[in-house]
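Comments concern the structure below.
The values are calculated or read from the model by the stated rules, or taken from the named source; none is laboratory data. Quick caveat, the model's predicted, so the values are computed rather than measured. With ideal geometry, Cβ positions are generated from the backbone for all residues, glycine too; neighbour counts draw on all protein chains shown. Surface areas here come from the heavy atoms of the whole protein model, side chains and all, with no ligands, DNA or RNA. Shrake-Rupley method; radii C 1.70, N 1.55, O 1.52, S 1.80 Å.
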Amino acid sequence: MTKDLEFKDLLNKDKRQALRKALEEGKRVPRVKKGEIELRSDPLSEQELDVYLNMIDRIIRWNHFLTHVNINAHELIDLVTGGTLDQDSPDFKKLRAKVMDNSRSYKSTVLTAFEVVLLHHI
């Protein structure tokens, strides 16, 4: 499960189940092949950074609801930014710090809310 995937692979139920099994077993899940992307050479503006920080906030909540891990922080940032940020740039580091800082608090919040919902339905 180390080769790159194409988007059409995600539409196949068997491939999705294989990806989920690899994730559960702690194996490296391949990234979806996006083609060649040109990295930005200019820093993000304050408005762009605010938009990305808000998007990261939302995606962290879903990520922790579904996976409860933050080892895929780079993939989350690439998903939000379209993969255009260099991983050594200060903007990428700000977004990564946001993911790491919020991971623990969102995990706790999601589990508490999940417990409330379960108790309501039980």
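Points worth noting:
- Within a Gaussian network of the chain (alpha carbon springs, distance under 10 Å), most fluctuating of Asp42, Asp101, Asp78: Asp42
- In the set (i) 156; (ii) 94; (iii) 137, the label that goes with volume of the Cα convex hull per residue in Å³ computed for this structure is (iii).
- Convex hull volume of the C-alpha atoms in segment 74-122, normalised per residue: 72 Å³.
- Per-residue ellipticity at 222 nm from helix content only, as computed over the chain with -39500 (n - 2.57) for each DSSP H run of at least four residues, stands at -20500 deg cm²/dmol.
- Kyte-Doolittle mean at least -0.5 and Cα axial length at least 27 Å: DSSP H helices in the chain: 46-66, 90-121
- For the chain, the dipole from Cβ point charges (+1 on Lys and Arg, -1 on Asp and Glu) about the Cα centre works out to 660 debye, to the nearest 20.
- In the context of the full set of protein chains, residues of the chain present 75 Å² of accessible surface per residue (probe radius 1.4 Å, heavy atoms only).
- For Leu118, the accessible area of its heavy atoms, probed at 1.4 Å with every protein chain present, is near 80 square angstrom.
- Apolar share of the accessible surface for the chain: 55 percent from carbon plus sulfur atoms, 1.4 Å probe.
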